[in-house]
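> Just passing along the structure, written as C-alpha cells.
Where a number appears in this text, it was derived from the coordinates with a stated rule and is not lab data. These numbers were taken from a predicted model, which means no experiment stands behind them. Neighbour counts are summed over all protein chains in view; Cβ atoms, including those assigned to glycine, are modelled from backbone coordinates with ideal geometry.
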Amino acid sequence: MSMIAMPTPDQKILDQRQEIISALQAALPAGRVIHDAAEIRAYECDALTAYRCPPLGVVLPATTQEVSAVMKVCHQLGVPVVPRGAGTSLAGGSLPTADSIILGTARLNATLEIDTANRFIRVQTGVTNLSVTGAVEADGFFYAPDPSSQLACAIAGNIAMNSGGAHCLKYGVTTNNLMGVKMVMADGEIVDIGGAHLDSEGYDILGLICGSEGQLGIVTEAILRILPKPEGARPVLIGYDSAETAGQCVAEIIKSGVLPVAIEYMDRLCIKVTDEFSGAGYPDVEALLIVEVEGSEAEIKEQLAKVVKIANKLKPVELRESASAQESALIWKGRKSAFGAIGQISDYMCLDGTVPVSQLPFVLRRISELSKKYKLEVANVFHAGDGNMHPLILYDANKPGDLETAEKFGAEVLRLCVEVGGCLTGEHGVGIEKRDLMGNQYSAADMEVQMNVKDCFDPGWLLNPSKVFPLEASEARRSGAAK
Amino acid sequence: MNKSAAPVSEGEIAEIIKQAKAQLKPVEIKGGGTRDGLGCPVKTATTLSLAKLNGITLYEPGALTLVAKAGTTLKAVEKTLRAKNQRLAFEPMDHRALYGTKGEPTIGGVVACNISGSRRIQGGACRDSLIGVRFVDGNGDILKNGGRVMKNVTGLDLVKLLCGSHGTLGVITEVAFKVLPAPEREATLAIANLNTSQAIDVLSAALGSPFEITGAAHLPHNKGGALTALRVEGFDSQVEYRLSRLRKGVAAGLETRIIKGSQHDKLWRSIRDVEPFKNTSRCVWRLSVKPGDAPAIQQQISTMFDAKYVFDWGGGLIWIEIDDIENARANEIRKILSNFGGHATLVRAPAKTRLKVPVFQPAAPGIAALSSSIRKKFDPVGILNPGRMVVREPA
Ligand SMILES: Cc1cc2nc3c(=O)[nH]c(=O)nc-3n(C[C@H](O)[C@H](O)[C@H](O)COP(=O)(O)OP(=O)(O)OC[C@H]3O[C@@H](n4cnc5c(N)ncnc54)[C@H](O)[C@@H]3O)c2cc1C
C-alpha cells in the first residue's frame, strides 16, 4: 500500500451516478460526456502514475458556456469536479476520485486573438504550451515559460501549477507572463480577470488564481504575454568534479552581473543515462552545467567570454562552447530528454523542492547520503540558477515496498529543502503528492488563511478537493461542516 | 493604546491589532507617509507606523535574494543593492514629486501599493519580484506566505494578493524579493516631434524588437517639442549596438539623438515620477490600457476637455492631468475607458473629491463580491485601513 490516502468516496454520489451523467448530457451538446468504463480509464491518473482511480464520468466541453453549464449541474447536485488539462501533472493534481467528474480542456483548443503590436495572445486554455509559441513564431515572437513537457501540457495546467521551465531565470514563470483569464466559478458564474492591459487595481485575483491548482475555478481562456524572439542563443557546457564547485560557479556567474537565460545542472548518473539515450556527447563528470546566453552574435560572444572566464577560474574538467546550431540543439536535447531517458531505465519519483542557491551543494551531499540510507539511486537534474531541484528517485514499481521507501526518502528530502530555507515545490505543485507535507512549510494558521481564500471562491469545496491541503486540515470543509 | 503606535516587532503589532479588533477601533497603517494621497482617505483615531520595524534581514547577491522588514526605507534597500551592482527590477516610482510629501518611502509601502515604474514593461511589476511576505491579519494572527526562494508554488499565492492590497488585508511586516544584476550602462534613443499615434507606433515596433527595451515613453508637452524615448541597457558594447539598430530600424528617417549619463537618469526619473505634473494643484489620473488604444483614448478625452498627458509603458500607461471640476471628470474618463477596457485610478485629487469618486476602477460585480469576501476573511471587523480601497466593508 502506498502512503498517500484519498478520502472515501461519497456513497450518495456514487448511487446517483446515472442521474448525474444524464443531467450532464442534458446540459451539453451530444458527445461531450464520457461515461463508458473503458473510455473513462484514460483519465484515471496523471503523470504521477502510482496513483489511479477512475472518475464517475468525464466531460469535455468546447466553450466557456458549456463549462458553465457543467459547473451549474455539479454545483446543484453537489458533485466534486477535478479539472484536467493534458494530465502531465507530476503531483497528482488531476487525479480523480471515484465520486468526481473530470472536466477536461481537450476541446477548448482555439487560438482566439493574436496581437503582436500589443504583445499578447488570447487562447482557450486547452491549447498546448508549445502551440502558443507556434502560433506567434512566424511573427518573431515566443511564449516564454517552457516546461520540458511543453509538447503535451496545456496552458490550463500551466496556469493551475504556475509552471516554469529552463528559461525562467530570465523570463519568469507562468504568473509573470499571464495577463488575464476568463474563469468559470464553482457555481457556473463566468468572470473576466485582467486583460490586455497590465496590473489591474484592486486585489490581485489573477495572481491568486495562477498556481491555485484548480481550487478556485475553471480557467477557460487566457491572455498571455508574448515576447520578441532574441536574435540568437548559445549554450556552453561546463563540467566539474564536484557539486560544490559547480554550485560556486553558479553563484559567481550570477554575482558577476551576467544574467544567463538558463543555468541547468545534471549529476553523473543523469549525465550517463541521458547521454546514452540522446547521444548528446556529454562528458563523464560529477557535475555538468549548461549555461545559455542570448542576443546578437557579438552580445553572445561577450557574455560567453565572461561566463567562461569565471568557469575557468574554478578549474573545470571540461568546458565546451557550442560552435553551431546543431551542437546547441544536441546539448539541449540531452537536458530536455532527461526525464524520458531516466524513465527508460527505471520507475522514478520526481521531486521539485527549491533551496537557496547557496545551499545547493549541501543539499546535494545530503541527498547522496540519504540515497545510501534508503538504498535507492538518485539522479539529479535541475534549474540551478533559481535553486529549483529535481532529484529523481529511482525505484521498482513491481517490487513490493519500493514505492513506499521512495516516498519516505522523498519526504525526507523535501523536509530538508524547507529546513534550509526553501520550499516543497518550485514548479510542479502540491497536488496529492506533497499535500501531507504542507505542515512542514506552513503553520496551521498559514494554511487556514489559504483555505479561507478557497472558501470565498468555492464555499462547497467541490473544486479539486482533497488536494493541496492535508486531509485532516480540510476535513471539516470537505464534509460541509465548516461555516 | 497610543494614538500613534510605532511598534518595533511583529509580536507587538499582533498585540496592537488584537486590541484594536477587540475594541473595534480601526487603525491606519503608515510606512513613510510619502504616498498619503494614494487611495481613498482613511479616518481613524489611531495610526500604526511601521517606521521602527526596519532592517535588511538577509541579502545573498549570489542567490539574487533580499529580505527586509517592512519599515526599511527604499533608499536603504537600493543602497545595499547598489553596493553589489544589483537592483530592484521594477524601478519603484517615488510619489513625493506628485504629492509634494516629505519623508522616506518604505519598502513595505512599495509592496502594499504594488508600486512599479517605467521598467515594468520588461522587468515586471513589484508583485512579480516579490517572493515572500510576512504579515499580521485583522485577527492579530502572524502569517506568512511564499518564502525566500524565487521559485515556489507551494499552496495558494497570497504574496500576490497582499501586494497592492493597500493595507486592507494585513499589516505587512517583512518582504522578500528576487533582485537583478544592474546593467553596466543605460542610454536612451530620443525621437523628436512625433504625434501620439506616430509615437505609439514607434514604441510598439521597438517593444517588438529583440533589443530588450526597458523604457518606452512619450512626452507630448515636453519643452522644446514632443519627445519619444526608448531606453536600452546592458554592457557597453551591447548598448551601442542596440541604439544603432533601433536608430536604423524603428526610428529610420526620424529626428533622433542619444541621451546618456546624468541627463538620461534625470529624464527617466522625471518619467517614472511624472514630474511634468508636479507642483500643480490639478488632478492626476493613471490609466492602464492596451498600448495601441492610447492615441484613441487621448483623442476622445481631448474632444471633451483640456488635459495634459504623459505616456509610459509603450502607451499602456497614460498619466492625465486635468482640472478638479466635476469630480475630476471621473464619469467621463471612465465612460471613455469602457469603450476600450483597462482601468483608471484617480491618483491625485483633494480628499473631498476622493471621498466622492471611487479612486480605483470599480470592479465587475463578480469580482467585487469576491474581493469583499476575501477582505472579510482577512479582516472580519474591518479595522485595517477601512475605506482605503472602497472594497465594500464588512457589515
Ligand atoms: C516529462 C515531464 C516533464 C515536466 N517538466 C516540467 C517543467 O519543466 N516545468 C514544470 O513546471 N512542470 C513540468 N512538468 C509538470 C507538468 O507538465 C506541469 O505541471 C503542467 O503545467 C501540467 O499541465 P497539464 O495540462 O498536463 O495539466 P494537468 O496535469 O491536467 O493538471 C494540472 C493541474 O491543473 C488543474 N487544471 C487543469 N485544467 C484546469 C483548468 N482549466 N482550470 C483550473 N485548473 C485546471 C488540474 O486540476 C491539476 O491540478 C513535467 C511533467 C512531465 C511529465
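> Less than 27 Å apart at the alpha-carbon level, and either on another chain or at least 8 residues along: which lysines does that give for residue A:72?
In chain and number order, the partners are A:12, A:182, A:454, A:467, A:483, B:376, B:377.
> Relative contact order of chain A, please, whole-number percent, based on alpha carbon pairs below 8 angstrom and at least 6 residues apart.
Reported relative contact order: 15 percent.
> So what's the projected area for the protein assembly as shown, the Cα convex hull averaged over all directions, in nm²?
The directionally averaged projection comes out at 34.4 nm².
> Under the rule of at least 5 residues apart or a separate chain, name every residue whose amide H is placed under 5 Å from the amide H of residue B:44.
none
> For the stretch B:265-361, what is the relative contact order in percent, using Cα pairs closer than 8 Å and at least 6 residues apart in sequence? Show your work: numbers first, answer last.
Details: 139 pairs, mean separation 32.4, N = 97.
Once normalised by length, the contact order is 33 percent.
> Can you give me the convex hull volume of the Cα atoms of the stretch A:1-58, divided per residue and expressed in Å³?
Measuring per residue, one finds 105 Å³ for the Cα hull of the stretch A:1-58.
> Further, regarding this structure: Can you spot the lysines whose alpha carbon is less than 29 Å from residue B:223's alpha carbon? Ignore those fewer than 8 places along the same chain.
In chain and number order, the partners are B:102, B:248, B:260, B:266, B:278, B:290, B:308.
> Please give the helix A:297-313 orientation as an angle from the longest Cα principal axis of chain A, in degrees from 0 to 90, rounded to the nearest 10.
Tilt of helix A:297-313: around 70 degrees.
> Per residue of the stretch A:376-391, in order, report the coupling 6.51 cos²θ - 1.76 cosθ + 1.60 (Karplus, θ = phi - 60°) as ³J(HN,Hα) in whole Hz, putting x for Gly and Pro.
10, 6, 10, 10, 10, 8, 6, 8, 6, x, 10, x, 7, 7, 10, x
> Run lengths n ≥ 4 of DSSP H only: what is the helix-derived mean residue ellipticity at 222 nm for chain B, with -39500 (n - 2.57) per run over all residues, to the nearest 500?
Theoretical 222 nm ellipticity from helices: -9000 deg cm²/dmol.
> For the pairs A:255/B:52; A:313/B:160; A:301/B:75; B:18/B:43, note any where the Cα-Cα span goes beyond 29 Å. Write down the numbers at each step before the final one.
On the way: A:255/B:52 31 Å; A:313/B:160 40 Å; A:301/B:75 36 Å; B:18/B:43 19 Å.
With Cα atoms farther than 29 Å apart: A:255/B:52; A:313/B:160; A:301/B:75.
> Under a straight-distance cross-link criterion of Cα-Cα below 16 Å, which aspartates and glutamates are reachable from residue B:144, leaving out those fewer than 8 residues away in the same chain?
A:419, A:446, A:448, B:10, B:157, B:174, B:379
> Using θ = phi - 60° and the Karplus curve 6.51 cos²θ - 1.76 cosθ + 1.60, what whole-Hz ³J(HN,Hα) does each residue of the stretch A:40-50 get, with Gly and Pro shown as x?
Result, ordered by residue: 4, 3, 4, 10, 7, 8, 10, 6, 8, 6, 5 Hz.
> Could you work out how far the C-alpha centroid of the stretch A:17-75 sits from that of the stretch A:120-190, in angstrom?
Between the Cα centres of the stretch A:17-75 and the stretch A:120-190 lies a distance of 24 Å.
> Where is the GNM fluctuation largest for chain B (alpha-carbon springs, 10 angstrom cutoff): B:364, B:199, B:251?
B:364
> How do A:75, A:197 line up, fewest other C-beta atoms within 10 Å first? Intermediate results must be reported in sequence, preceding the final value.
Working: A:75 19, A:197 25.
The order, fewest Cβ neighbours first, is A:75, A:197.
> A further question follows. So if I place +1 on the C-beta of Lys and Arg and -1 on the C-beta of Asp and Glu, and nothing else carries charge, what would the dipole magnitude of the stretch A:111-228 be about its Cα centre? I want it in debye, nearest 20.
On the way: 5 positive and 13 negative charges, 67 e Å.
So the dipole magnitude of the stretch A:111-228 works out to roughly 320 debye.
> For the stretch B:30-55 and the stretch A:420-443, what is the centre-to-centre distance using only Cα atoms, to the nearest Å?
35
> Note the angle between two axes, namely the Cα long axis of helix A:402-419 and the longest principal axis of the Cα atoms of chain A, as a number of degrees from 0 to 90, rounded to the nearest 10.
Approximately 70 degrees, to the nearest ten.
> Do you know the relative contact order of the stretch B:185-272, to the nearest whole percent, from alpha carbon pairs under 8 angstrom that are 6+ apart? Intermediate results must be reported in sequence, preceding the final value.
Numbers: 130 pairs, mean separation 37.6, N = 88.
Dividing the mean separation by the residue count of the stretch B:185-272 yields 43 percent.
> Which far-off residues, 5 or more places away or on another chain, put their amide H under 5 Å from the one on residue B:53, with H placed in the peptide plane?
B:71
> In whole Å, how far is the Cα centre of the stretch B:154-233 from that of the stretch A:291-348?
Using only Cα atoms to place each centre, the spacing works out to 32 Å.
> Sort all Cα-Cα distances of chain A into consecutive 20 angstrom bins from zero, then give the percent of pairs in each bin up to the one containing the longest distance.
Taking all Cα pairs of chain A, the binned fractions are 24, 55, 20, 1 percent.
> Still on this structure, please answer the following. Just name one of B:215, B:198, B:226: the one whose Cα is farthest towards the positive end of the charge dipole of the stretch B:185-272 (beta-carbon charges, Lys/Arg +1, Asp/Glu -1).
B:226
> What 222 nm value per residue comes from the helices of chain A, counting each DSSP H run with n ≥ 4 as -39,500 (n - 2.57) and dividing by all residues, nearest 500 deg cm²/dmol?
Calculated at 222 nm, the ellipticity per residue is -11000 deg cm²/dmol.
> Out of all DSSP beta bridges in chain A, what portion is antiparallel? Express it as a percent rounded to 5.
90
> Could you compute the longest span of chain B free of trypsin sites (Lys or Arg not before Pro) located in DSSP loops and having at most 11 other Cβ atoms within 10 Å, not counting the site residues?
Between exposed loop sites, the widest span is B:224-395.
> In degrees between 0 and 90, to the nearest 10, how far off the longest principal axis of chain A does helix A:325-336 point, with axes built from Cα atoms?
50
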